[in-house]
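Novice: Quick one: the structure is below, questions incoming.
The values are calculated or read from the model by the stated rules, or taken from the named source; none is laboratory data. This is a predicted model, so every value here is computed, not measured. Here Cβ is always computed from backbone atoms with ideal geometry, including for glycine, and neighbour counts include all displayed protein chains. Surface areas here come from the heavy atoms of the whole protein model, side chains and all, with no ligands, DNA or RNA. Shrake-Rupley method; radii C 1.70, N 1.55, O 1.52, S 1.80 Å.
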Amino acid sequence: FLLDRGCVRIAHLAGVATSPLAVERMEGFLETAGDRAGGVETGDFSPVSGYDAMKRLLRAGPPPDGLFAANDQMAVGALQALEEAGLRVPDDIRVMGFDDTFVASLVRPTLGTVHAPKLRLGVRAARRLLRRIEGDDSPAAHELLPHDIVDRESTGNRLPGERDMTAW
């Protein structure tokens, strides 16, 4: 998504290495970003760790023009660090979180994020558990549910070259 928005150097704020979700998100980021990956820093999924990780990224070299955080909380911390550094979101750097928590629509700029289908995930997990309880001992299958992108102010809200129709 950030690549489609024109980002050429995208950094990642990863979660703790002991979290399978964090590892999968980081691997997905690295695979997708490829040679446009602009550094990875880790945190513990909290806003403070996102703030600290963003500060480390900014000290490490030129700022990226895109940032993908492992969750919305870390992205919120990163937004604060970016503001303190004098960088404008999304003009200087586009920021995207993950989870689509309530805070994503409350911060300014509003946070673009990946919406995980938590209700569907929970329902499928509960069904699997019930089948296990009822004696189904078939091997567990890895299942990936589609996620949606929630485009908000921090990601630019529109593709490069698109006209702002609200100005007309």
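Novice: Looking only at residues that are open to solvent by less than 80 Å² (accessible area, probe 1.4 Å) and over 14 Å from the mean Cα position of the chain (by Cα) in region 10-20, which one is farthest from A53 (Cα to Cα)?
Specialist: Only one residue fits best here, namely S19.
Novice: Tell me whether region 48-66 contains one or more residues that are within 21 Å of D148 (Cβ to Cβ) and either of a type in the set (F, W, Y) or surrounded by fewer than 21 Cβ atoms within 10 Å (Cβ to Cβ) (or both).
Specialist: No, every residue in region 48-66 fails to be within 21 Å of D148 (Cβ to Cβ) and either of a type in the set (F, W, Y) or surrounded by fewer than 21 Cβ atoms within 10 Å (Cβ to Cβ) (or both).
Novice: Here's another thing I want to ask about it. Quick check on this structure: which one of G6, G34 is free of Cβ contacts under 8 Å to residues at least 24 places away in the same chain, open to solvent by 30 Å² or more (accessible area, probe 1.4 Å) and closer than 15 Å to G66 by Cβ?
Specialist: None of the others qualify; the one that does is G34.
Novice: Also: Taking the criterion of being over 20 Å from R108 (Cβ atoms) and among the hydrophobic types (A, V, I, L, M, F, W, C), would at least one residue in region 70-77 satisfy it? If you could, list the steps in order and put the result at the bottom.
Specialist: If we filter region 70-77 for residues that are over 20 Å from R108 (Cβ atoms), which is where we start, we get 70.
From what's left, among the hydrophobic types (A, V, I, L, M, F, W, C): 70.
Within region 70-77 (the criterion being over 20 Å from R108 (Cβ atoms) and among the hydrophobic types (A, V, I, L, M, F, W, C)), the answer is yes, since at least one residue qualifies.
Novice: Return yes or no: is G135 open to solvent by less than 80 Å² (accessible area, probe 1.4 Å), at pLDDT below 90 and at positive phi?
Specialist: Here the answer is yes, as G135 does meet what is asked.
Novice: Just to be sure I understand the filter: pairs with C-beta atoms under 8 Å, separated by 6 or more residues or on different chains, first member in region 77-92 and in contact (Cβ under 8 Å) with a residue 24 or more places away in the chain and over 14 Å from L57 (Cα atoms), second member in a helix (DSSP H, G or I) and open to solvent by less than 50 Å² (accessible area, probe 1.4 Å). Which pairs pass?
Specialist: Note: pairs meeting the criteria are V89/L79; V89/L82; V89/S154; P90/S154; P90/T155; D92/L82.
Novice: Would you be able to say whether some residue in region 145-153 is within 15 Å of the chain's Cα centre (by Cα), farther than 22 Å from E24 by Cβ, in contact (Cβ under 8 Å) with a residue 60 or more places away in the chain and open to solvent by 60 Å² or more (accessible area, probe 1.4 Å)?
Specialist: Scanning region 145-153, I find at least one residue that is within 15 Å of the chain's Cα centre (by Cα), farther than 22 Å from E24 by Cβ, in contact (Cβ under 8 Å) with a residue 60 or more places away in the chain and open to solvent by 60 Å² or more (accessible area, probe 1.4 Å), so the answer is yes.
Novice: Out of everything in region 96-112 that is hydrophobic (A, V, I, L, M, F, W, C) and farther than 21 Å from P146 by Cα, what residue ends up being most open to solvent (accessible area, probe 1.4 Å)?
Specialist: Applying the filter and picking the extreme gives L106.
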